[in-house]
Amino acid sequence: MMLHLLIFVIGCVLAGNSQDLLWGPYNPGVFSGFRSRDPELPTLSFLWHSFELNTSVPIRYTCDNEVALNGYGWTDFDPRLGGRHVVDDAGHKVIVETRFVKSPHGYVVRVQVDPKTPVSFLTYLHVDGATDSFDIHQGPDTLTVASVRKDYKFEVPSLHSFASFPVIEEHRYRATDVLAELIQLRLKKLQETYSDEEIKALSNAEYMLVPQILSPSANALFVQAIADKPFTFDISFVASKSAPQPVYVQKKYNDTLERIDQHFTDTYSFQAPFDTPEHRTFGKQVLSDLLGGIGAFHGKMLVDRTNRHVEVFDESALEDRVRPEDADEEGPYDLFTCTPSRSKFPRGFYWDEGFHLLPIIPYDIDLAAEILESWFSLVDEDGWIAREQILGSEARSRVPPDFQVQYPYTANPPTLVMALSSIIDQLHGFGARAEQSEFDEIDVYGEANTEMTTALKKVYPLVKMHYEWFRRTQRGEIRQYDRRSFSSVEGYRWRDRTATHCFASGLDDYPRAGVLNSGELNVDLLSWVGAFSRAMLKFAVYVGETEDAEDFEEDYNAVVRNIEDLHWIENENSYCDIAVVDGESVPACRKGYLSLFPFMLQLLDAQNPHIEAIVDFMRDPETIWSPYGLRSLSKQDPDYGTGENYWRSPIWININYLVLEALQKYGQEIKGPLHDKIMNVYRELRQNVVNTVYNEHKRTGYVWEQYDPDTGYGKGGKPFTGWTSLVVLIMNMPESL
Ligand code: 6A9
């Protein structure tokens, strides 16, 4: 009860300054889709296919990782202003450009279609909610689409043909299927009258998929154009039936691009050797694409609260971990979040999000705070937040059944508090954003410093609950080993791990100890708890919770001591996990990213005698150093490059980013020969990582989920403008220390 009241209050505080974020391309899993954060309001999307009356012709709608495109994404985008999105569809020989311009009460989308062969292009408007329907008026060239229940209207050109009809709620988001059905119906109709030869010879008008019908109580509308030459049309929306419809104005669009450009320049200045116009354009595009990947999600999620496997270490039992009958729907919930990949993972991921927010914070701190608050509104009574947010049927339709269910004992690295900490740092240095008020019509960027502090105060109890959940549920059992004695109980073990995978850690198939039991202690997890307690300390001080602050400081100190006492293994010269074999605690050293955690999360002080060993390890080409960035696993590990080889050799940009930040910090703090060593590694690594992402973007048109350490080629999902966009912050880091 208390909890819901709290969330409601936060909602009120936020509502005041987020009107301009109400509308956007918030359905990032489709090539072109605009919707509202209010799930009752309609969704606008575009679909196209080559001009053939053929039921097997592929329809472009959802972003598909395998589709033959030269690239797609936002070249310029700011969710408060608008921007430019381009799809270069090599397969269908068409370029689709959308220009999105926001106005105080709505937006305009200008669509420019440039086909090299005949294309059928469709505008699809549908209501997501259960109860509303459209009230459509047909003018000479336009359709005015208003809501029966809500206060909004669209103006859509009627183009060559249109049809509106009622579609049952569960099918409405499946635009491709709805359209395929229309194609089938039309084909059947034609086949009743014409031979196949005659059909081929039909004119455009007869060929139309959508008959000109406007059905009463329609909740879906298609408008079709067929063309083999470039054409342009505008669609406008206002969030009030009485407001005048905005019109597309070239000047306003130009201003939007200029403002984005200016604000980007004010925010970022890339350092040598990346202080070139090409890197600037690249960086602006990557940041735009990260912002363009923001989604507004709504719906129910599947949760299994039976806790059947919370303490199971027998692999055979884990095989039937997913039992659909044990999962219940919870919600509906709302989440406003960035997404790792529009094609492969178009939904919210907990530990990805902390990374996503880092390049956004310097650009638009209020937006970052709003996203953060949206995530913390998901904290449940126990303090848990699900790792993967699969809200509603549309999101669920993109996930294989075995991955749909969330477990309330599964954690994920607490990166959101890393973002929180960065927000607090920036608020302390507040002032630089003051001139932003020149953004006339729309109130943007960091206006509300005091409002934000109030909102953060409201969110504090939720974050604290989450912290307590984290430490309570992931606590490990510290056993005697090596005749060591331990000064505190700070030791942790990821729940929900199998012999081959630890999804909770985020490092999925990264190898761990070969045996599973309750005596295991994970060095990455203890490091994350350290980072969490340090961020909580900062947060508590910021909101004036001094007693809590003392507790968090104690936690932090205890963690830092145990990182040394529990996890530093002298004869391995490395931080390692601890396992229990035959009742004995023993180190389980699987060197790679795992060994770097105490260093990369900056939990060592500058005098720590192990820093040099870590830096030497990472610079060694026989372990994790590659000319393209740091490999996830040491070449010396028996599992290097094996299995699905996801976190067993490829280069990940989020980890490389954290390492670079740590190198920067320690390089600045440490003097003498070690300083020079750190600085050289820092400088080289920074260049290697940026060059890898930049060159692959140039070569392939995409930024990628991970990179091959032997070739530097992109691997996995594309576009992956999630944490790979940290390249923006990396270009912004100093060249040397
Ligand atoms: C499985 C497969 C068609 C895996 O970027 C999101 C996450 C990271 O948080 C995690 O660290 N990715 C990384 O190891 C992608 C996770 C996808 C899980 C869903 C369904 C569908 O593929």
Within region 42-77, residues closer than 15 Å to TYR124 by Cβ and in a loop (DSSP other than H, G, I, E, B) come out as PRO42, ILE59, TYR61
TYR510 fails exactly one of (1) farther than 28 Å from ASP639 by Cβ; (2) surrounded by fewer than 24 Cβ atoms within 10 Å (Cβ to Cβ), namely (1)
Conditions (1) open to solvent by 90 Å² or more (accessible area, probe 1.4 Å); (2) hydrophobic (A, V, I, L, M, F, W, C); (3) assigned to a loop (DSSP other than H, G, I, E, B) -> LEU185 fails only (3)
Looking only at region 312-320, decide whether some residue is under 29 Å from GLY716 (Cα atoms) and touching a helix residue (DSSP H, G or I) at 6+ places or on another chain (Cβ under 6 Å). no
Just one listed residue, out of LEU525, LEU507, is closer than 26 Å to GLY716 by Cβ, in contact with a strand residue (DSSP E or B) (Cβ under 8 Å, 6 or more places away or on another chain) and within 16 Å of the ligand (Cβ to nearest atom), and it is LEU525
Within region 387-397, restricting to residues that are under 15 Å from the mean Cα position of the chain (by Cα) and more than 18 Å from HIS466 (Cα to Cα), the one that is farthest from the ligand (Cβ to nearest atom) is LEU391
Expected single match for at pLDDT below 95, open to solvent by less than 30 Å² (accessible area, probe 1.4 Å) and farther than 30 Å from GLU258 by Cα among ARG172, ARG149 is ARG172
Per the list (1) open to solvent by 20 Å² or more (accessible area, probe 1.4 Å); (2) more than 16 Å from the ligand (Cβ to nearest atom), residue check on THR498 breaks on (2)
Note to self: Condition check: assigned by TED's automatic domain parsing to the domain that holds GLU329, more than 30 Å from LYS150 (Cβ to Cβ) and open to solvent by 50 Å² or more (accessible area, probe 1.4 Å). Does ARG280 satisfy that?
What the structure shows: no
Checking ASP275, ASP266 in turn, the sole residue that is out of contact with any strand residue (DSSP E or B) (no Cβ under 6 Å at 6 or more places or on another chain), assigned to a helix (DSSP H, G or I), open to solvent by 60 Å² or more (accessible area, probe 1.4 Å) and not β-branched (Val, Ile, Thr) turns out to be ASP266
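Residues checked against (1) part of a loop (DSSP other than H, G, I, E, B); (2) away from the ligand (no atom under 16 Å from the Cβ); (3) at pLDDT below 95:
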| residue | (1), (2), (3) |
| --- | --- |
| VAL322 | yes, no, yes |
| PHE336 | no, yes, no |
| SER343 | yes, no, no |
| ASP352 | no, no, no |
| HIS356 | no, no, no |
| LEU367 | no, yes, no |
| LEU372 | no, yes, no |
| ILE385 | yes, no, no |
Note to self: So for region 46-59 (the condition being open to solvent by 20 Å² or more (accessible area, probe 1.4 Å), aliphatic (A, V, I, L, M), modelled with pLDDT under 95 and away from the ligand (no atom under 16 Å from the Cβ)), does at least one residue qualify?
What the structure shows: yes
Of (1) surrounded by fewer than 19 Cβ atoms within 10 Å (Cβ to Cβ); (2) touching an Asp or Glu at 6+ places or on another chain (Cβ under 8 Å), PRO115 satisfies every one except (1)
A careful count of residues in region 377-420 that are surrounded by fewer than 21 Cβ atoms within 10 Å (Cβ to Cβ) and more than 22 Å from PHE345 (Cα to Cα) gives 5
* Evaluate the following for ASP328: is it more than 22 Å from PRO719 (Cβ to Cβ), away from the ligand (no atom under 14 Å from the Cβ), of a type in the set (D, E, K, R) and open to solvent by less than 40 Å² (accessible area, probe 1.4 Å)? => no
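Just give me the residues in region 406-425 being more than 18 Å from GLU373 (Cβ to Cβ), within 16 Å of the ligand (Cβ to nearest atom) and among the hydroxyl-bearing types (Ser, Thr, Tyr), in sequence order. Before you say what the answer is, go through the steps one by one.
Narrowing region 406-425 to residues more than 18 Å from GLU373 (Cβ to Cβ): 406-413.
Within this subset, residues satisfying the condition of being within 16 Å of the ligand (Cβ to nearest atom) are 406-407, 410-413.
Matches in region 406-425: TYR407, THR410.
Inside region 235-263, can you point out the residues that are in a loop (DSSP other than H, G, I, E, B) and either among the basic types (Lys, Arg) or open to solvent by less than 50 Å² (accessible area, probe 1.4 Å) (or both)? First the steps, then the outcome.
Taking region 235-263 as the starting set, the residues that turn out to be in a loop (DSSP other than H, G, I, E, B) are 239-249.
ALA239, SER240, LYS241, ALA243, GLN245, PRO246, TYR248 - these are the residues of region 235-263 that are in a loop (DSSP other than H, G, I, E, B) and either among the basic types (Lys, Arg) or open to solvent by less than 50 Å² (accessible area, probe 1.4 Å) (or both).
The values are calculated or read from the model by the stated rules, or taken from the named source; none is laboratory data. Keep in mind the model is a prediction, meaning the values are calculated, not measured. Backbone-built Cβ (ideal geometry, glycine too); neighbour counts: all protein chains shown. To get the accessible areas, we keep the full protein, side chains included, count just its heavy atoms, and leave off ligands, DNA and RNA. Shrake-Rupley method; radii C 1.70, N 1.55, O 1.52, S 1.80 Å.
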